[in-house]
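Chemist: Just dropping this structure here.
What follows draws every value from the coordinates through simple rules; no lab data is involved. Please read all numbers here as calculations on a predicted model, not as lab measurements. No Cβ is skipped: glycine too gets one built from the backbone with ideal geometry, and neighbour counts run over all protein chains shown.
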């Protein structure tokens, strides 16, 4: 089994994996949200500072939009709320549910919930919808991504005309109805395709996928993933690195 970090002995990572398997998805979202808050808060501090440093997670266009918003709204302190990510997530999915638009949480955000921690700074959603969307009055659109102007969290929306068959309801926020997520298998295929598209250079992304497969191995259909080796040549390597039987 390959560990996510060369500094982490296999026996320590095994303990981490067992701990994460014992948490509910709601608890894991809280942990992922805390880390996401920390990363984005640090970016926000830099935006307010004298150096006007770039928040790399938002990209060039997003950096300009983000800086402009923070300058014009100095009173906004979105990360004083520990549940900012959860609130932003609900604000994004509730309009989709009201309009009965099929959707699913995906990407590295889903990877953080299903697996070990990853350095994601945006919520990623795939929707079965052929046109641009307006989520709600509290979102400003930039191409197919949105900025939650209440919490300053980026929402990445991927549109598809294909049927979203690999989605399941998950209780991510205690006291709220389940939120639709892609299955761990579907998230694995989605991210493995993106990793291949980088020329297999994004090691951080691969480690995120690896961590998710390790944590979710007891709940995933390894036989299903093993049948995807033709379309996803990296699948065998991934399963070997994760140390799972198939």
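Chemist: Using only the Cα atoms of the stretch 176-222, build the gyration tensor, take square roots of its eigenvalues as a ≥ b ≥ c, and label the shape rounded, prolate or oblate: rounded if a/c is under 1.5, else prolate if a/b is larger than b/c, else oblate.
Modeler: Since a/c reaches 1.5 and a/b is larger than b/c, the shape of the stretch 176-222 is classed as prolate.
Chemist: Ranked from highest to lowest mean number of other Cβ atoms within 10 Å per residue, what is the order of the peptides 181-190, 14-23, 211-220?
Modeler: 181-190, 211-220, 14-23
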